[in-house]
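Computed from the coordinates by the stated procedures, all read-outs in this text should not be read as laboratory data. Since the structure is predicted, the reported quantities are computational estimates derived from the model, not experimental observations. Here Cβ is always computed from backbone atoms with ideal geometry, including for glycine, and neighbour counts include all displayed protein chains.
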Amino acid sequence: MIIKYLPLALLLSVSLHAQEVRIDAIPFPMHWENRPVAFIKNTHDLTITAGPKTDMFRDPNVTYNTDNAPKLLFTPDEDFVLTARIEHAHTSKWDGGAIVIKQDSLHWVKFCFEKDYTGAHRVVTVVTKDVSDDCNSEEIKGTAVFYKVAKADNVITLYVSNEGAHWFLVRHLQMDLRPGFKLGFLAQSPTGEKASVKFSRISYRHVKIKDPYAGE
């Protein structure tokens, strides 16, 4: 019998990717896609640290296609509402934290709170159907903001709020997702050394919204 021993770094990577993550707010097990530099889990919140050159984007010019940002994902209900407070230091250009809906590498939505090319703290939506449609929206005066994502049938609606009570509709779009699509949390640092993103006040509900402007 020949016994092969894996390097410690590889064992740690395998362990991390295989590990099931659970928090009280999400009624489903979560798993990693791409390894974070560090990860902290409490009962109701998560902190994901992305390493350097981590991103999720398919450039319309087809010059920059990558999907290596760490993501903690789960398989949600067909219809849902997910909210979370996203907070990070906005240290380097494009540093960001996001809620992600992903079918596969060519079909996904990234609802990101990032440091934009001007240095502003920006609400950004990236809708990818083969290539990415990158849209800059509200500027946030601070390092934290509340995001809400609602899916009703094949319609996805994205909202932002300063305090988590009064929601502003950012984007309303259609995406045909097959059963088994993923939902979850992402951290990225395309130009920096790392970015630590905290997701708190997380809430998940299995509901189908009736009014996209109200989000309920």
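By its C-alpha gyration tensor, with a ≥ b ≥ c as the square roots of the eigenvalues, how is segment 44-111 shaped: rounded for a/c under 1.5, else prolate for a/b larger than b/c, else oblate?
Oblate.
Let a ≥ b ≥ c be the square roots of the eigenvalues of the Cα gyration tensor of segment 142-216; is it rounded (a/c under 1.5), or, if not, prolate (a/b larger than b/c) or oblate? Oblate, since a/c reaches 1.5 and b/c is not below a/b. For the pair E78 and N136, a Förster radius of 22 Å applied to the C-beta separation gives a FRET efficiency near 0.15, rounded to the nearest 0.05. For segment 117-165, the gyration tensor built on C-alpha atoms gives an oblate shape. Its axis ratio a/c (a ≥ b ≥ c) is at least 1.5, and a/b is not larger than b/c.
Taking every C-alpha pair closer than 8 Å and separated by at least 6 residues, the mean separation divided by the residue count of segment 8-205 gives a relative contact order of 29 percent.
With a Förster radius of 25 Å applied to the C-beta separation of H44 and Y213, the computed FRET efficiency comes to 0.30. Calculated translational diffusion coefficient of segment 8-205 (10 °C, 1.306 mPa s; Stokes-Einstein with Kirkwood radius over alpha-carbon pairs) equals 96 µm²/s. In the chain, the DSSP-assigned H stretches of four residues or longer account for a calculated mean residue ellipticity at 222 nm of -1500 deg cm²/dmol, using -39500 (n - 2.57) per stretch and the full residue count as denominator.
Across segment 73-105, the residues whose backbone nitrogen lies under 11 Å from the label position 7 Å along the beta-carbon direction of T191 are 92-95. Considering only S92, S196, S137, the mean-square fluctuation computed in a Gaussian network model of the chain, springs between alpha carbons under 10 angstrom, is largest for S137.
For I202, the residues whose modelled amide H falls within less than 5 Å of its own, excluding neighbours fewer than 5 places apart on the same chain, are R85. With 28 Å as the limit on Cα-Cα distance, the pairs of K182/K208; K41/K151; K141/K210; K93/K210 that go past it are K141/K210; K93/K210. Exposure here means at most 15 other Cβ atoms within 10 Å; with chymotrypsin sites (Phe, Trp or Tyr not before Pro) in a DSSP loop as sites, the longest stretch of the chain lacking them is 118-212. Loop-located trypsin sites (Lys or Arg not before Pro) across segment 155-216 with a Cβ neighbour count of 16 or fewer within 10 Å are K208, K210, with loop assigned by DSSP.
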